[in-house]
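Data block below; observations after.
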Amino acid sequence: MSTPDTTPIGQLHSVKQGHVGHVVFDNPKKFNAMNYDMWAALPRVMDDFVQDPEIRVIVLSGAGDKAFVSGADISQFDTLRTGDANIVYSQASEAGYAAVLDCPKPTVAQIQGICMGGGLGLALNCDVRICASNAKFRMPAGRLGLGYAFDGVKRFTEVVGVSHTADLFFSARIFDATEALGMGLVKQVVAAPDLAQTVNDYAHSVTLNAPLTLAAAKRALLELRKNPEQRDMALVQSMVAACFASQDYQEGRQAFAAKRAPIFKGH
């Protein structure tokens, strides 16, 4: 395994390891709560990985073993989430959410400990979520009196359905990993000491697949979230056609016939 290439940006860490990009939320004294600077940095970190042709999958995780992201840093509410300042803060947080949700590469949330509020929103914006058995989830908007944007509520319904979304917003209750698995919020629950290795193994397995196929599948998933009349089906079809015209498609067929592992190069 190659030595990780780590770049700190504010309280985010950008870690490149082979074909996997890691975004680490690093504010452990506040259980990795998201402050304004972290929201502002997130789109830049994500875009760096999107533009890097070597990166095939992006993993989001929290520093330490206590939390993924505990939510927004409430110490900034009085100064940055009132009046005109809230507009700037909201723009930064919305851009951060969008950078994850609209990412054209596969994304995986590695969830340990606390995953609440904005952290839960970030996790839901990933394609795949794997959590530790000690994970605790909550959507506490109702306990704070804040309004949750339409697109955020919509994303909840896309992942867990309308009924579960209503319950989580109305009750603002804490729920555990077992319930999260049952409602389809997470793909897999593992023992806390095994979480990092499980996610690493999963991410590595994704990187072994054809990049053009991954890109085409992710584009189809992104278009599915749009209203039918807004979907760019020509783009989806062109990306599917590019797969069949690629050298990787030839490599895949030859490897299958030879009963060997394919080596994909993304063209």
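Can you report the number of residues in region 15-68 which are in a strand (DSSP E or B) and either within 17 Å of Asp102 (Cβ to Cβ) or within 14 Å of the chain's Cα centre (by Cα) (or both)? Of the residues in that region, 13 qualify.
Out of Arg253, Arg225, one residue alone is in contact (Cβ under 8 Å) with a residue 60 or more places away in the chain and more than 23 Å from His22 (Cα to Cα). It is Arg225.
The listed residues are Ala196, Ala217, Ala192, Ala172, and the only one of them that is of a type in the set (A, V, I, L, M) and open to solvent by less than 20 Å² (accessible area, probe 1.4 Å) turns out to be Ala172. Within region 116-159, the residues that satisfy the criterion of being open to solvent by 20 Å² or more (accessible area, probe 1.4 Å) and of a type in the set (A, V, I, L, M) are Met116, Val128, Leu144, Leu146, Ala149, Val153, Val159.
When you scan region 228-243, how many residues do you find that are surrounded by 12 or more Cβ atoms within 10 Å (Cβ to Cβ) and free of Cβ contacts under 8 Å to residues at least 24 places away in the same chain? Summing the residues that are surrounded by 12 or more Cβ atoms within 10 Å (Cβ to Cβ) and free of Cβ contacts under 8 Å to residues at least 24 places away in the same chain in region 228-243 gives 6. Checked against the criterion of being under 27 Å from the mean Cα position of the chain (by Cα), basic (Lys, Arg) and more than 22 Å from Gln51 (Cα to Cα), the candidates Arg260, Arg231, Arg253 yield just one match: Arg231.
Going through (1) of a type in the set (Lys, Arg); (2) more than 17 Å from the chain's Cα centre (by Cα); (3) under 26 Å from Ala98 (Cα atoms) one by one, Arg225 falls short only on (2). Taking the stated definitions as given, is Gly113 out of contact with any Ser or Thr (no Cβ under 7 Å at 6 or more places or on another chain), crowded, with 24+ Cβ neighbours inside 10 Å and either modelled with pLDDT of 95 or more or of a type outside the set (A, V, I, L, M) (or both)? Against the criterion (out of contact with any Ser or Thr (no Cβ under 7 Å at 6 or more places or on another chain), crowded, with 24+ Cβ neighbours inside 10 Å and either modelled with pLDDT of 95 or more or of a type outside the set (A, V, I, L, M) (or both)), Gly113 does not qualify.
For region 173-222, which positions are of a type in the set (S, T, N, Q) and in a helix (DSSP H, G or I)?
Thr178, Gln197, Thr198, Asn200, Ser205, Thr207, Thr213
Is it fair to say Leu168 is modelled with pLDDT under 95 and either outside any loop (DSSP other than H, G, I, E, B) or within 28 Å of Ile74 (Cα to Cα) (or both)? No, not satisfied. Does Asp248 satisfy the criteria of being open to solvent by less than 80 Å² (accessible area, probe 1.4 Å), closer than 24 Å to Lys154 by Cβ and among the acidic types (Asp, Glu)? Considered against the rule, which asks whether it is open to solvent by less than 80 Å² (accessible area, probe 1.4 Å), closer than 24 Å to Lys154 by Cβ and among the acidic types (Asp, Glu), Asp248 comes out as no. Criterion applied to Ala257, Ala216 was being among the small types (Gly, Ala, Ser) and over 16 Å from Cys103 (Cβ atoms), and the one residue passing it is Ala257.
Might you check whether a residue that is β-branched (Val, Ile, Thr), open to solvent by 70 Å² or more (accessible area, probe 1.4 Å) and touching a Cys at 6+ places or on another chain (Cβ under 7 Å) occurs anywhere in region 205-214? Yes; the residues of region 205-214 include at least one that is β-branched (Val, Ile, Thr), open to solvent by 70 Å² or more (accessible area, probe 1.4 Å) and touching a Cys at 6+ places or on another chain (Cβ under 7 Å). Under the condition of being in contact with a helix residue (DSSP H, G or I) (Cβ under 7 Å, 6 or more places away or on another chain) and in a loop (DSSP other than H, G, I, E, B), the residues counted in region 227-267 number 10.
The values are calculated or read from the model by the stated rules, or taken from the named source; none is laboratory data. Please read these numbers as outputs of a predicted model, since none were measured by experiment. Virtual Cβ from ideal backbone geometry, glycine too; neighbours counted across all protein chains shown. These accessible areas exclude ligands, DNA and RNA; they are computed on the full protein's heavy atoms, side chains included. Shrake-Rupley method; radii C 1.70, N 1.55, O 1.52, S 1.80 Å.
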